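What follows is a set of notes on a single structure, which appears directly below.
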Amino acid sequence: QVQLVESGGGLVQAGGSLRLSCAASGSILRITAMGWHRQAPGKQRELVAVITNGDRINYVDSVKGRFTISRNNAKTTVYLQMNSLKPEDTAVYYCTAYTLSRNYWGQGTQVTVSS
């Protein structure tokens, strides 16, 4: 089992920045990649960014150039630096840990961007 604890959400004005953190514990050696998803009201959950153990990174097009995903050296914590935030970035953000057998999800943290 992998446990994920997120932090860093909140309310920010458009153009502002937030940094999300997600700490993994438990069977962390089984994790092959970590990422962030988000879900806005009335919309499907979407993958925002993912980073593999080999440091391969992918972003959804809408956040490229504004968001940066990173991990600490121990690969136990993943971060999402969000700059130039837009109202359309408002959503609940979920941390995800990928293993060969299943994916694990954090409890979610609310990000609200006011115009």
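The values are calculated or read from the model by the stated rules, or taken from the named source; none is laboratory data. Source: prediction; values computed, not measured. Glycine also receives a Cβ, built like all others from the backbone with ideal geometry; neighbour counts cover every protein chain displayed. Calculation scope for accessible area: heavy atoms of the full protein, side chains included, ligands and nucleic acids excluded. Shrake-Rupley method; radii C 1.70, N 1.55, O 1.52, S 1.80 Å.
Quick check: residue separation of residue 115 and residue 21 times 0.36 nm, minus the Cα distance between them. What number comes out in nm?
Full extension of this stretch gives 31.4 nm more.
Give a residue-ordered list of calculated ³J(HN,Hα) values for region 90-104 (Karplus: 6.51 cos²θ - 1.76 cosθ + 1.60, θ = phi - 60°; whole Hz; x for Gly, Pro).
4, 4, 8, 9, 10, 7, 10, 10, 9, 10, 5, 9, 6, 9, 10
Amide H neighbours of residue 31 under 5 Å, at least 5 residues apart or on other chains, H built in the peptide plane: list them.
none
Give the carbon-plus-sulfur fraction of the accessible surface of the chain in %, rounded to a whole number; probe 1.4 Å, heavy atoms of protein chains only.
Ligands and nucleic acids excluded, carbon and sulfur give 48 percent.
Would you mind getting the accessible area per residue of the chain, heavy atoms of the protein chains only, 1.4 Å probe, in Å²?
That works out to 53 Å² for each residue.
Within region 44-86, whose backbone N sits under 15 Å from a point 7 Å along Cα→Cβ of residue 13?
Within reach of a label on residue 13: 84-86.
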